[in-house]
Every structure is written in C-alpha cells, then in structure tokens.
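See below for the structure under consideration.
Since every read-out is calculated from the coordinates, none of them should be taken as a lab result. None of these values were measured; they are calculated from a predicted model. FYI the Cβ positions are ideal-geometry reconstructions off the backbone, even for glycines, and counts take in every protein chain you see.
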Amino acid sequence: MGYKIYIIVNRWGKLMKDNEQIFKVFFRAKPTLMLVRLLNSENEMYASSLAKQIDCTYSHVVKILQEMERHELVDFNKQGRLKLLTLTKKGQEVAEHMDKIKLLL
C-alpha cells in the first residue's frame, strides 16, 4: 500500500513539472507572470513591487513593461515620482486568457 502512494505522489510531482515546462514553451515566464500578477492584484502596483513579487530585477521589469505599454497592454499613471501600473482593456483580456491557459495546462 505504501508503494502505491509513493508512485501517485511521484507521478503528480512529475505532472506538475511537465505542466510548468510546457507552459514556459508557449509563454515566457516573467512577462506572463507580470500580466497575471497585475490582473490578480488587489492593491495598487508599482514596477518595484512587481519586480519583487516575480523575483526579477527592476530594470528588466521596466524594460518589459515599456514593451507592453508600446503594445497597449499596460498604462503608466504617474503619481509624483512613482508610476502606478494598470492593465488596459486589451491587457486585461490577454492576462485573463493566459491565466486560463495556465490552469488548463
């Protein structure tokens, strides 16, 4: 009986690892995480806090966010020296689809 439990747990762990790998094949991890985090965020989000949440450098996050802004996925709303991040309607739709795909994989 203990042997069967070990195999199930082992298979489940392998399944999770395979699912994460196939997701990364289709979507780059950091940009996807950024969009999904912004979508699911309950509080105001700044680039510095987003960088900490996804374990990425601030400069890399800003570079990706600027590219996303160019493609009309995010907006920067300046509040003094800080820039508040918000998803555009297009960005929200893309993030919702990415989140659903991640759950399906």
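Among the trypsin sites (Lys or Arg not before Pro) within the range 63-92, those in coil by DSSP and having at most 16 neighbouring Cβ atoms inside 10 Å are Arg81. Annotation: average projected area of the range 36-105 is 4.9 square nanometres, based on the convex hull of Cα atoms across all directions. For the pairs Lys52/Lys83; Lys52/Lys102; Lys30/Lys102; Lys63/Lys83, flag any whose C-alpha to C-alpha distance is greater than 18 Å. As for pairs spanning more than 18 Å Cα to Cα, those are Lys52/Lys102.
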